[in-house]
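Working notes, structure below.
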Amino acid sequence: GNTTILFNHLLRAHTTLSHESKPVATIKTFFSSNNYYENNSAHKKELDKALTRMIAIDMQPFRIVEDRGFRDFVYYLNPRYILPSRTTLRNVHLQNMYNEMKEKLVLILNNVEYCAVTTDSWTSRANEFYVTVTCHFIDKNFVLREAVLSTNKLDIDTDHTSNKIADSLRAVLLDWNILYKTSTIVTDNAANMIKACEILKKRHLPCLTQTFTLKAPHPLTADDINIMKDLVCLFMPFDTATTRVSSSSIVTISEIIPTTVDLYHRLHNAKLALKTAEGIKTYNSLIDGVNRRLAPFENRSVAQLATIFEPRFKKEGFGCSSTADAAGFLLQNEIAACSSYENPTPDIEEPPTHPDYPSTKTSQIYAFVQDKIAQKQSRTPQADGIILVRQYLEKPHELQGTPPLEYWKYLCIPACSTASERMFSKAGCILSDRRAALKPFIVDQLLFTNKNQWLNE
């Protein structure tokens with residue numbers, strides 16, 4: 001017979017049984033019914049952004065979204081999330097993150113008055129020649145910042161000339177609107193880099209750590225290696241100094257001169273403990289190298305200003321008293337120039353006269369007093385600079401370890417170009433065997449987003 005009447009009775013009188021008879025949906029069958037996040041949903045966008053950030057930070061290849069194991073892992077974490085294709089990840093999500101971070105950095109640099117840059121070149125596995133530029137500055141919260149600005153591909157056959165490098169640097173600095181804010185460019189000792197800075201009319205500072213490297217290997221021969229245990233005390237100061245000035249999180253420009261002076265003292269103390277002729281020979285070679293390559297740093301005006309600006313060092317951070325005095329004069333001139341620019345000499349106003357007393361112009365009574373007052377008020381910016389420098393130098397020195405970022409125009413300059421050189425290792429991970437054919441603009445975006453993640457904090 002017909003079961004319709006029985007089925008309707010079951011629905012009306014036995015609702016519990018009717019519900020229990022329905023099959024229970026599993027997680028997999030539930031989400032297989034197209035219950036995925038919409039592309040424009042806020043959560044989908046956050047997940048896409050987190051995925052892109054992972055690619056940039058961990059330097060993973062874009063094709064990871066096609067790996068079966070990774071796709072299964074993401075599915076079990078959140079079955080509603082559909083991974084983007086590697087093309088979308090590269091051309092849309094990475095581009096969006098790069099644009100957002102660049103906008104933030106542009107706004108920050110617009111509010112920076114002075115900065116320094118480092119630059120260096122490297123060659124990829126595909127034999128492509130790149131130049132990386134980094135920027136160093138102190139933000140409004142007096143935090144020392146480092147940012148990668150660009151990584152540009154140059155023609156490996158024709159673009160090694162100083163003119164080509166200068167053009168590339170100028171384009172980058174103009175793009176970020178910091179050409180006239182850049183006080184110093186730090187590079188290695190290559191002649192084309194030095195000439196490029198001259199073309200740009202920018203102060204050049206050679207990389208201090210590379211100068212260490214140029215000096216340290218010279219006294220070493222195959223025979224010297226056998227006695228290195230006896231000479232550790234000679235090379236330890238160089239290792240300590242290199243580690244210190246290579247940091248990107250502390251002020252290093254002001255430590256160039258004190259570091260050189262400290263090397264002199266530590267090498268002299270180490271000499272007293274030497275017991276071998278080879279040790280004495282190596283000591284003499286090291287001292288000679290310090291004199292030829294490091295001592296000239298004490299005569300560089302930017303290093304002098306940065307050192308005397310340092311409340312930990314002031315004049316006591318110099319090895320030569322005459323150089324310390326020269327730095328004091330430089331500081332006076334700097335203050336005078338700033339004073340002249342910001343506070344032009346005003347016209348001296350006549351003091352108000354009391355109605356019960358005759359005008360000093362008319363009576364000329366006590367005119368000598370007004371002359372003395374006028375002379376006192378017409379103090380020159382140079383005199384102001386001398387007074388301020390004297391007051392500063394007479395203040396007690398700050399303790400070692402005190403952040404010296406109060407005097408920020410020169411202290412943002414790094415002592416070495418390792419910030420650019422570190423891009424070699426990062427680029428090596430990005431341009432790995434799994435993605436050696438990346439286009440140059442993608443390499444630029446990946447290095448930018450990898451190094452500048454502090455913008456997302």
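Once the range 273-312 is narrowed to residues that are of a type in the set (K, R) and part of a helix (DSSP H, G or I), the residue that is farthest from the chain's Cα centre (by Cα) is K281.
Restricting attention to the range 153-177, the residues that are in contact with a helix residue (DSSP H, G or I) (Cβ under 7 Å, 6 or more places away or on another chain) and crowded, with 21+ Cβ neighbours inside 10 Å add up to 3.
Residues considered: V290, V232. Of these, the only one that is over 30 Å from N333 (Cβ atoms) and hydrophobic (A, V, I, L, M, F, W, C) is V232. D288 passes every criterion in (1) modelled with pLDDT of 90 or more; (2) within 27 Å of G385 (Cα to Cα) apart from (2). Of the residues making up the range 193-223, those that are surrounded by fewer than 17 Cβ atoms within 10 Å (Cβ to Cβ), in a helix (DSSP H, G or I) and modelled with pLDDT of 85 or more are I194, K195, E198, I199.
The single condition among (1) in contact with an Asp or Glu (Cβ under 8 Å, 6 or more places away or on another chain); (2) basic (K, R); (3) surrounded by fewer than 13 Cβ atoms within 10 Å (Cβ to Cβ) that K181 does not satisfy is (3).
For the range 313-335, residues that are part of a loop (DSSP other than H, G, I, E, B) and either in contact with a Phe, Trp or Tyr (Cβ under 6 Å, 6 or more places away or on another chain) or surrounded by fewer than 19 Cβ atoms within 10 Å (Cβ to Cβ) (or both) total 2.
If you go through the range 52-86 and pick out every residue that is out of contact with any helix residue (DSSP H, G or I) (no Cβ under 8 Å at 6 or more places or on another chain) and part of a helix (DSSP H, G or I), you end up with 10. Taking the conditions exactly as written (surrounded by fewer than 18 Cβ atoms within 10 Å (Cβ to Cβ), modelled with pLDDT of 65 or more, not assigned by TED's automatic domain parsing to the domain that holds I64 and not aromatic (F, W, Y)), does E421 satisfy them or not? Here the answer is no, as E421 does not meet what is asked. Residues that are of a type in the set (V, I, T) and within 19 Å of P414 (Cβ to Cβ) number at least 3 in the following strands (runs of 3 or more DSSP E) confined to the range 122-192: 129-138, 182-187. None of K376, K409, K451, K372 is surrounded by 15 or more Cβ atoms within 10 Å (Cβ to Cβ) and at pLDDT below 75 except K409.
Output the residue which, of all residues in the range 156-190 that are touching a strand residue (DSSP E or B) at 6+ places or on another chain (Cβ under 6 Å) and more than 16 Å from K202 (Cα to Cα), is modelled with the lowest pLDDT. So, considering only residues that are touching a strand residue (DSSP E or B) at 6+ places or on another chain (Cβ under 6 Å) and more than 16 Å from K202 (Cα to Cα), the one modelled with the lowest pLDDT is I156. Checked against (1) at pLDDT 75 or above; (2) part of a helix (DSSP H, G or I); (3) of a type in the set (G, A, S), S339 meets all criteria but (1).
Per-residue answers, yes or no, for (1) within 30 Å of L51 (Cβ to Cβ); (2) small (G, A, S); (3) surrounded by 15 or more Cβ atoms within 10 Å (Cβ to Cβ):
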{"residue": "T87", "(1), (2), (3)": "yes, no, no"}
{"residue": "N96", "(1), (2), (3)": "yes, no, no"}
{"residue": "S124", "(1), (2), (3)": "yes, yes, yes"}
{"residue": "E128", "(1), (2), (3)": "yes, no, yes"}
{"residue": "T134", "(1), (2), (3)": "yes, no, yes"}
{"residue": "F137", "(1), (2), (3)": "no, no, yes"}
{"residue": "K140", "(1), (2), (3)": "no, no, no"}
{"residue": "E146", "(1), (2), (3)": "yes, no, yes"}
{"residue": "T151", "(1), (2), (3)": "yes, no, yes"}
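The values are calculated or read from the model by the stated rules, or taken from the named source; none is laboratory data. Because the structure is a prediction, the values reported are computed rather than measured. Reconstructed Cβ throughout: ideal geometry from the backbone, glycine too, with neighbour counts over all protein chains shown.
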